[in-house]
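Asker: Here it is, the structure, as structure tokens.
The values are calculated or read from the model by the stated rules, or taken from the named source; none is laboratory data. Because the structure is predicted, anything quoted here is derived from the model rather than measured. Cβ sites come from the backbone with ideal geometry, for glycine too, and all protein chains shown count toward neighbours. Please note that ligands, DNA and RNA were not included when accessible areas were found on the heavy atoms of the full protein model with its side chains. Shrake-Rupley method; radii C 1.70, N 1.55, O 1.52, S 1.80 Å.
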Amino acid sequence: MIASRLALVAGALSASAFARLIYHDDGPRVQGRGPTADLKCDIPAVLDPSGDGLPAARDIFSSHEALLLQVERHSTIVKIPSISYDDNGEPGEDPRWDVFYHLHAAFAQLYPNVHRRMARETVNTLGLVYTIKGSETSLKPLLLAAHQDVVPVADASTWTYPPFSGYFDGQWLWGRGASDDKNSLTGLLSALEALLSNSAWVPRRTIIVALGFDEESSGHRGAGHIGPYLEKLYGPDSIALILDEGGIGLELLGDDTLYALPAVTEKGHVDIWLELYVNGGHSSIPFPHTGIGIIAEIVNELESNPWEPKLIKDSPIYNHFVCQAKYSPEAAPKITELIKRGDLEVLASELATIDRPTQYRIQTSQAVDYFHGGVKINAMPEYIKVGVNHRIAPQDSIASVKANILKRIQPAVKKFDLTVSAFKGEDHNPDIELAEIGKGGAVDPMYEVDYNGTLILTSSQPTLAAPIAPASGPVWDVFSGTIQYSFAFEGGKVIPVGELMNGNTDTRHYLNLTSHIYRWTPTRQGHSANAHTVDERIDMDSHMEALRFYYDLIRNFDASDAAPLEKQVDIGEL
């Protein structure tokens with residue numbers, strides 16, 4: 001029988017203690033059944049930019065020639081394998097970053113007017129900040145963001161077309177980054193190229209384009225430096241609006257209602273790492289479980305106990321379905337009825353059955369994405385490392401994620417008599433009493449087995465859920481009004497409503513610059529495919545729609561007096 005000798009830094013949790021921890025968090029409380037909803041979903045006026053006298057977006061971006069130009073631009077950018085790896089070193093030291101210089105050269109070639117009329121600054125070597133100073137410094141600048149990097153390709157032979165070919169089949173442009181996020185990048189620079197080709201056009205409002213280069217690795221080197229750079233230059237709360245990638249795009253319900261679903265917030269994030277040190281030995285006389293087997297039991301415990309979906313009244317996703325119930329009540333009658341009844345518990349369960357994206361907008365996710373162990377087929381591994389990625393729903397917290405990990409490791413800790421060191425010296429730790437887990441002994445061979453195991457728990461990239469951006473007021477009205485104008489269609493209506501984003505974006509590094517941060521790639525659902533996996537691609541007709549929107553958004557913000565500076569800031573000559 002194995003004798004328990006657990007030494008926990010952050011100890012065991014009873015079921016009641018765990019429940020107290022999970023639900024005392026600083027996020028909003030989950031709401032249950034409430035009064036009948038009044039289905040309030042006010043939509044501001046459509047905003048037509050034609051008063052500025054510039055050519056209409058449909059006149060310059062709707063021809064076949066305009067499409068072919070965008071195919072050339074986008075294909076050129078997609079062909080450049082600007083990959084960021086999780087284990088990259090610093091720019092200038094790790095040669096894997098050098099490909100980004102080719103990307104920057106392509107920008108200069110494809111967008112000559114942007115490079116002639118906008119100041120270009122490099123931030124931390126590879127981050128790019130383009131700025132054209134407005135004629136009226138009393139208006140807060142507009143910040144448009146995208147990222148230059150893409151995720152690696154696991155096996156190029158599994159792709160229909162080579163992942164860095166930028167192949168265009170007449171409808172879809174294929175390649176890594178074609179959707180995420182070079183679609184936005186190409187569109188933003190192309191909209192500005194069109195505007196700046198008119199030498200008479202000088203914006204009233206300063207326009208900034210921020211291009212990070214390691215968003216796929218959490219953005220610390222790119223946007224993590226660009227955010228403080230811009231804050232130092234302009235000051236806190238100095239930007240009118242930030243538009244970055246993300247959101248749920250555009251969803252058509254029925255034939256007459258198009259929902260535009262920008263993310264007004266994004267989930268929190270924390271990665272939990274489990275490192276097990278255990279006795280090894282020759283595989284011909286193995287222990288009942290190798291270290292990989294021990295860790296596998298923990299992984300099975302985690303995956304067998306996912307987090308529960310919960311819906312919060314007046315949260316962005318709740319407001320989205322209120323709008324849907326008001327403007328498209330027959331699209332999902334059961335959801336409409338549950339919204340009207342205020343039965344959010346049943347509604348959460350219903351939403352979780354629709355699809356994974358909907359489920360995980362109301363549920364904390366956990367994904368075991370990293371597993372390393374073993375060095376030889378005939379030697380039991382002495383070191384195993386596992387990484388678990390969490391995207392944290394607003395009702396949960398980093399502390400509750402850590403508490404859940406501590407709870408789920410308990411069976412294996414007791415069974416294999418492991419010593420545990422948990423989250424030493426970290427912030428966001430669970431507020432619980434230290435304790436010991438009682439004796440285990442589930443593994444009971446006739447002879448003594450000493451695994452001599454030590455399990456070390458750490459976390460990385462802790463990120464709180466983003467503040468919710470306003471979905472009303474002058475800045476939102478310009479944003480929403482432009483969406484309605486750009487995507488208007490005969491016999492239908494366009495309903496912009498804020499949503500929640502499952503992942504994280506470079507905007508996590510821009511939170512001090514403004515409260516008006518919207519994460520939205522203006523692409524129709526079903527018209528981009530396979531981001532982060534095989535056969536990533538973008539429908540170029542949808543890309544052209546996005547380009548027209550970016551063009552109109554810049555124009556409408558330039559004509560608007562929304563977001564004036566409360567105090568003049570001298571930013572000098574750019």
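Asker: What Kirkwood hydrodynamic radius do you get for segment 125-195 when you take the inverse of the mean 1/r over all pairs of distinct Cα atoms, in Å? Could you put the intermediate results ahead of the total?
Answerer: Values: mean 1/r = 0.0674 Å⁻¹.
About 14.8 Å, per the Kirkwood formula over Cα pairs.
Asker: Can you tell me which lysines have their Cα less than 21 Å from the Cα of LYS267? Leave out same-chain residues fewer than eight positions away.
Answerer: LYS310, LYS313, LYS402
Asker: Sum up the charges of everything whose Cβ sits under 13 Å from the Cβ of ILE468, counting Lys and Arg as +1 and Asp and Glu as -1, but leave ILE468 out.
Answerer: Numbers: positive: LYS267, ARG519; negative: GLU266, ASP314, GLU499.
Value of the local net charge: -1.
Asker: Which order do PHE168, PHE487 take by accessible area at a 1.4 Å probe, largest first? Provide the component values of the computation, followed by the final result.
Answerer: Working: PHE168 55, PHE487 5 Å².
Ranked from most to least accessible, the order is PHE168, PHE487.
Asker: Full extension from ASN300 to VAL449: what is 0.36 nm times the residue separation minus their Cα-Cα distance, to one decimal in nm? Don't skip to the end; give the middle numbers.
Answerer: On the way: separation 149, 0.36 × 149 = 53.64 nm, distance 2.29 nm.
Taking 0.36 nm per residue and subtracting the Cα distance, the gain is 51.4 nm.
Asker: Determine which aspartates and glutamates satisfy two conditions relative to LYS376: a Cα distance under 15 Å, and not lying fewer than 8 residues away in the same chain.
Answerer: Excluding near neighbours in sequence, the set is empty.
Asker: Suppose R0 equals 30 Å. What FRET efficiency, 1/(1 + (r/R0)^6) with r the Cβ-Cβ distance, do VAL202 and HIS102 give to the nearest 0.05? Walk me through the numbers on the way to the answer.
Answerer: On the way: r = 32 Å, r/R0 = 1.06.
Step by step, r from the Cβ atoms, then E = 0.40.
Asker: Would you please give the residues with an amide H less than 5 Å from that of LEU139, counting only those at least 5 places away or on a separate chain, with H modeled from the backbone geometry?
Answerer: Amide H neighbours of LEU139, under 5 Å, 5+ apart: LEU565.
Asker: Each residue of segment 412-421 in order: what ³J(HN,Hα) in whole Hz does its phi give by Karplus 6.51 cos²θ - 1.76 cosθ + 1.60, θ = phi - 60°, with x for Gly and Pro?
Answerer: 5, 4, 6, 5, 10, 6, 8, 8, 10, 10
Asker: On to the next question. Using modelled amide H (1.01 Å from N, peptide plane; none on Pro or chain starts), what sits under 5 Å from the amide H of GLU266, excluding residues fewer than 5 places away?
Answerer: Correct list: ALA466, MET501.
Asker: Sticking with this structure for a sec: Percent of Cα-Cα pairs per 20 Å bin, from 0 to the last occupied bin, for the chain, please list those.
Answerer: Histogramming the chain at 20 Å steps yields 19, 49, 27, 5, 0 percent.
Asker: A further question follows. Using just the helices of the chain, give the 222 nm mean residue ellipticity in deg cm²/dmol: DSSP H runs with n ≥ 4 each add -39,500 (n - 2.57), and the total is spread over all residues, rounded to 500.
Answerer: My calculation for the chain gives -9500 deg cm²/dmol from helical runs alone.
Asker: If amide hydrogens are placed 1.01 Å from N in the peptide plane, which non-local residues have theirs closer than 5 Å to the one on ALA379?
Answerer: Placed amide hydrogens put SER283 under 5 Å from ALA379.
Asker: Which whole-Hz couplings ³J(HN,Hα) result when phi for each residue of segment 263-271 is put into the Karplus expression 6.51 cos²θ - 1.76 cosθ + 1.60, θ = phi - 60°, listed in order with x for Gly and Pro?
Answerer: Once θ is set to phi - 60°, the couplings for segment 263-271 become 7, 9, 7, 9, 5, x, 8, 7, 9 Hz.
Asker: Ranked from highest to lowest mean number of other Cβ atoms within 10 Å per residue, what is the order of the peptides 495-508, 115-128?
Answerer: Top to bottom by mean Cβ count within 10 Å: 495-508, 115-128.
Asker: How big is segment 287-413 along each principal axis, measuring the range of its Cα positions in Å and listing the largest first?
Answerer: 64, 26, 20
Asker: For a quick protection proxy, order the peptides 527-534, 39-46 by their average other-Cβ count within 10 Å, most packed first. Walk me through the numbers on the way to the answer.
Answerer: Working: 527-534: 16.6, 39-46: 13.2.
Answer by packing, highest mean first, reads 527-534, 39-46.
Asker: Now for a different question. Could you give each residue of segment 126-134 its phi-based ³J(HN,Hα) in whole Hz, using Karplus coefficients 6.51, -1.76, 1.60 with θ = phi - 60°, and x for Gly or Pro?
Answerer: 10, x, 10, 10, 9, 9, 10, 6, x
Asker: Moving to a separate point now. In whole Å and largest first, what semi-axes does the C-alpha gyration tensor of segment 320-378 yield when each eigenvalue is scaled by 5 and square-rooted?
Answerer: Rounded to whole Å, the semi-axes are 40, 10, 8.
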